[in-house]
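Asker: Input: one structure, supplied below.
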Amino acid sequence: MSRLIVAGTPPPSLFMRVVKAVVLTLCCALVIVPFVGVISTSLATQEQVIRSGGFVLIPDGVSWAAYKSVFAGGVVTRAVLVSILITVVGTAISLACTAMLAYSLSRPGSLAHTPLLMVVLMSLLFTPGIIPSYLMVKQMGLLNSYWALIIPTAVSGFNTIVMRAFFMGLPTELLESARIDGASEAQTLLRVVLPLSKAVMAVIGLFYAVGYWNAFFNAMLYINDTEKWPLQLVLRTYVVNNAVLGADQLGGSETLPPQQSIQMAILVIALVPILLVYPFLQRHFAKGVLTGAVKG
Amino acid sequence: MLLILALPGIAILALFEYTPLLGNVIAFKDYQPYLGIADSPWVGLRNFLVIFSGDPQFLNALRNTLIITVLQVVFVFPAPIALALLLNSLLSERIKRIVQSILYLPHFLSWVIVVAIFQQVLGGSGLINSWLRANGHSTFDIIGSADWFRELLTAQVMWKETGWATIIFLAALSQIDIALYEAASVDGASRWRQLWHVTLPGLRSVIVLLFILRLGDVLTVGFEQIILQQGAVGLRASEVLDTYVYNNGIINGQWGVSAAVGLVKGLVGVALVLAANKVAHLFGERGVYSK
């Protein structure tokens, strides 16, 4: 497998191997150390956060105070619920629309097949400007509505193409036999195609879910009401912009843990879902990216 | 029947990808929100004057955009190529996979999280400055500094995307015929000569392709990333074309001018891709699409 085992070429020198090891260790540390620091600070005790000047790399003890105050029912709790709602509803809508579109595009020769495929492919080439998109959402009366965070980004041309490529790889005999048994197209999709496509549905679903969970700019653009803020906007206001997060915002206890611990707890909450699905994403995304590149 | 299944998806694309293109007509209008797009008066090319009359705000945004683009092409673009070559030269598949899992991760984080993490590490009370202070050194204030803003942006993009961007290069590397290495080896080529004469030529098409696509984005530099940090840094160092469109249009209500700038920016991007593709064809590469 490895490219290095080529007959006649001497193995890399010890010096080169040391250089490589150092460079790669450094790269990995650059990614890992900040994560460890964020998690440690969110769990560190008050004394240690103050003593260290704010950022803790290795906690002395574990304190859940920051998480308790964040989940006491204030701004952050609500934002987490909003983000979960948008992610769940959005992903369901996206998957349904994408699967139906991809399935209808996976059957060459059907009515208006080529123009529809062009509509999807062309959408990959440009992004509509900020101003016209904003005016569109405004004109449809979606400003300040959760729908503004879901509908405009519900269908991704790229995901549609990846899913279509997968559907086209399914054995045609199965679709034929479903038709002979009198199944409509919708029934074929639901009963035959989808059960065979669980893996690709899971991958594309996660792709969408990560997008909804991470979306920040649309919320900033379309949502004025702070009550409706998703987690990423709360993160921006209270962590990136350092707005004071007091008992008024958090609700609950009078003695708050240090601001920095609370901030890091919010950051960890935004990170955890991504970290949980990451092993799965990483295995399948790489394949997905290449499928799109080859067959798109 | 199949048409009905396609309908919801096509409707969403039509409404939110294609119809907004028509909304670009406000670039030629004096758009008044209470009149709506159709009834706002036409003003010809007046909105485009800002681009050609040397408006200092616009020029500042254009200058920042170009400087940031140059920094990113010089530093961000080659980084994944180097990293992919390094990963590809590892003897152990297992170590390679572990390193990949770690380095792909930042790609999946939102810009809000990435910016917050950078603040925690490099900020005034962050990891590095706390350590410097505790050891009696002077602090190193990058976050919120107008002077270091472009370098900070570049570092953030590298941190977030370098690992993930290696995927496409690693795929291209795995396509190179091993017989070429064997032949080179028989001819007595060292590892470095094999890298130069076999590996890099094998990557050339992919590098050209990605470079062309990057050219299309010359005027697009990390909008979310910049808007998140603009408050602390100030417009002089941080305003780029996309933030100019946002700040002037959505925030200050100069809809027409903003739409005009956005439109020209989009057209320049398409023109650059087409031109670069032409040049790639002249050099015998496939480019983004074939003739």
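The values are calculated or read from the model by the stated rules, or taken from the named source; none is laboratory data. Please read all numbers here as calculations on a predicted model, not as lab measurements. Using ideal geometry, Cβ is built from the backbone for each residue, glycine included, and neighbour counts are taken over all protein chains shown. These area figures cover heavy atoms from the full protein model, side chains too; ligands, DNA and RNA do not enter into them. Shrake-Rupley method; radii C 1.70, N 1.55, O 1.52, S 1.80 Å.
Asker: Apply the Debye scattering formula to segment B:174-281, with a single equal point scatterer on each alpha-carbon and no solvent, then give log10 I(q)/I(0) at q = 0.22 Å⁻¹.
Answerer: For segment B:174-281, the Cα-only Debye profile gives -1.10.
Asker: Let me know the number of lysine pairs in segment B:25-282 closer than 27 Å at the Cα, not counting same-chain pairs under 8 apart.
Answerer: Values: B:LYS29/B:LYS265; B:LYS96/B:LYS160; B:LYS160/B:LYS265; B:LYS265/B:LYS278.
Lysine pairs, 8 or more places apart or on different chains, close enough: 4.
Asker: Return the sequence-ordered ³J(HN,Hα) values of segment A:38-52 in whole Hz as given by the Karplus equation 6.51 cos²θ - 1.76 cosθ + 1.60 applied to θ = phi - 60°, using x for Gly and Pro.
Answerer: Once θ is set to phi - 60°, the couplings for segment A:38-52 become 4, 5, 4, 4, 5, 9, 6, 6, 3, 4, 5, 4, 5, 4, 7 Hz.
Asker: Let me ask something else about it. Hey, what's the protein assembly as shown come to in accessible area per residue, 1.4 Å probe, Å²?
Answerer: With the other protein chains kept in place, the protein assembly as shown gives 47 Å² per residue.
Asker: Percent of accessible area on segment B:25-282 owned by carbon and sulfur, 1.4 Å probe?
Answerer: Numbers: 7740 of 11830 Å².
Carbon and sulfur: 65 percent of the exposed surface of segment B:25-282.
Asker: Turning to a different aspect of this structure: Mind telling me which of A:GLY205, A:GLY74, A:GLY141 comes out most flexible in a GNM of chain A, alpha-carbon contacts under 10 Å?
Answerer: Most flexible of the set in this elastic network: A:GLY141.
Asker: Multiply the residue gap between B:ALA82 and B:ASP55 by 0.36 nm, knock off their C-alpha separation, and tell me the result in nm, one decimal place. Numbers along the way, then the final one.
Answerer: On the way: separation 27, 0.36 × 27 = 9.72 nm, distance 4.06 nm.
Stretched fully, the B:ALA82-B:ASP55 segment lengthens by 5.7 nm.
Asker: Sequence gap at least 6, Cα distance under 8 Å: using those rules, report the relative contact order of segment A:38-182 to the nearest whole percent.
Answerer: Values: 92 pairs, mean separation 32.9, N = 145.
In percent, rounded to a whole number, it is 23.
Asker: Decide, for segment B:214-266, between rounded, prolate and oblate: order the square roots of the alpha carbon gyration tensor eigenvalues as a ≥ b ≥ c, take rounded if a/c falls under 1.5, and otherwise choose prolate if a/b is larger than b/c, else oblate. Provide the component values of the computation, followed by the final result.
Answerer: Details: a/c = 2.35, a/b = 1.07, b/c = 2.20.
Taking the square roots of the gyration eigenvalues as a ≥ b ≥ c, segment B:214-266 is oblate.
Asker: Carbon and sulfur atoms: what percent of the 1.4 Å accessible area of chain A do they account for? Could you put the intermediate results ahead of the total?
Answerer: Numbers: 9290 of 13630 Å².
That share works out to 68 percent.
Asker: Moving on. Rounded if a/c is under 1.5, else prolate if a/b is larger than b/c, else oblate: which is the protein assembly as shown, with a ≥ b ≥ c the root eigenvalues of its Cα gyration tensor? Provide the component values of the computation, followed by the final result.
Answerer: Values: a/c = 1.29, a/b = 1.02, b/c = 1.26.
Rounded.
Asker: Now, a different point. Quick one: which residues, 5 or more positions from B:LYS29 or on another chain, have an amide H under 5 Å from its amide H? H modelled 1.01 Å from N in the peptide plane, none for Pro or chain starts.
Answerer: Those qualifying (amide H under 5 Å, at least 5 residues apart or on another chain) are B:VAL43.
Asker: Suppose each label sits 7 Å from its Cα in the direction of the beta carbon; what would the A:ILE84-A:LEU276 distance come out to in nanometres?
Answerer: Reported label-point gap for A:ILE84 and A:LEU276 is 0.9 nm.
Asker: If you don't mind, there's one more thing I want to ask. If you average over every viewing direction, what projected area does the convex hull of the Cα atoms of chain A give, in nm²?
Answerer: Values: hull surface 92.9 nm².
Result: 23.2 nm².
Asker: Suppose a student asked you for the relative contact order of segment A:64-296, using Cα pairs under 8 Å spaced at least 6 residues apart; what percent would you report?
Answerer: 38
Asker: Let me ask another. How charged is the neighbourhood of B:LEU83? Take every other residue with its Cβ under 14 Å from the Cβ of B:LEU83, and add Lys/Arg as +1 and Asp/Glu as -1.
Answerer: Net local charge, B:LEU83 excluded: +2.
Asker: Now, a different point. Calculate the FRET efficiency for B:TRP42 and A:ALA96 from the Cβ-Cβ distance with a Förster distance of 35 Å, rounded to the nearest 0.05.
Answerer: Details: r = 42 Å, r/R0 = 1.19.
It comes out at approximately 0.25.
Asker: Can I ask one more? With everything on Cα atoms, drop me the angle between helix A:113-122 and the longest principal axis of chain A, reported from 0 to 90° to the nearest 10.
Answerer: Orientation of helix A:113-122: about 30 degrees from the principal axis.
Asker: Roughly how many nanometres apart are two label points built 7 Å out from the Cα toward the Cβ at A:LEU57 and A:LEU14?
Answerer: Going from the A:LEU57 label point to the A:LEU14 one covers 3.0 nm.
Asker: Residues with amide H under 5 Å of B:GLN254's amide H, sequence separation 5 or more or different chain, H placed in the peptide plane at 1.01 Å from N; which?
Answerer: So B:GLN254 has HN proximity to B:GLY249.
Asker: Also, I was wondering about something else. To the nearest whole number, what is the average tally of beta carbon atoms from other chains within 10 Å of the beta carbons of peptide A:101-108?
Answerer: 4
Asker: So for the pair A:HIS284, B:LEU195, with labels modelled 7 Å out along Cα→Cβ, what separation do we get in nm?
Answerer: 3.7
Asker: Moving on to the next point. Select from segment B:122-138 all residues whose loss of accessible area on going from the chain by itself to the full protein assembly reaches 20 Å² or more (probe 1.4 Å).
Answerer: B:SER125, B:LEU127, B:SER130
Asker: Can you work out the Karplus-derived ³J(HN,Hα) for every residue in segment A:17-26? Use 6.51 cos²θ - 1.76 cosθ + 1.60 with θ = phi - 60°, whole Hz, and x for glycine or proline.
Answerer: 3J(HN,Hα) across segment A:17-26, in whole Hz: 5, 5, 4, 4, 4, 5, 4, 5, 4, 4.
Asker: Expressed in nm², what is the orientationally averaged projection area of the convex hull enclosing the Cα positions of segment B:25-282?
Answerer: 19.3
Asker: Over both sides of the A-B contact, add up the buried accessible area with a 1.4 Å probe and give it to the nearest 100 Å².
Answerer: Working: alone 17460 and 17730 Å², together 27390 Å².
For chain A against chain B, roughly 7800 Å² becomes buried.
Asker: For helix A:157-168, what angle does its Cα long axis make with the longest principal axis of chain A, in degrees from 0 to 90 and rounded to 10?
Answerer: In chain A, helix A:157-168 runs at an angle near 50 degrees to the longest axis.
Asker: So, with +1 on the Cβ of K and R and -1 on the Cβ of D and E, and no other charges, what is the size of the charge dipole of segment B:25-282 about its Cα centre, to the nearest 20 debye?
Answerer: So the magnitude is around 300 debye.
Asker: Can you run phi through the Karplus equation (6.51, -1.76, 1.60; θ = phi - 60°) for segment A:139-150 and list ³J(HN,Hα) in whole Hz, with x for Gly and Pro?
Answerer: These are the phi-based 3J(HN,Hα) values: 4, 7, x, 9, 4, 6, 10, 4, 4, 5, 8, 10 Hz.
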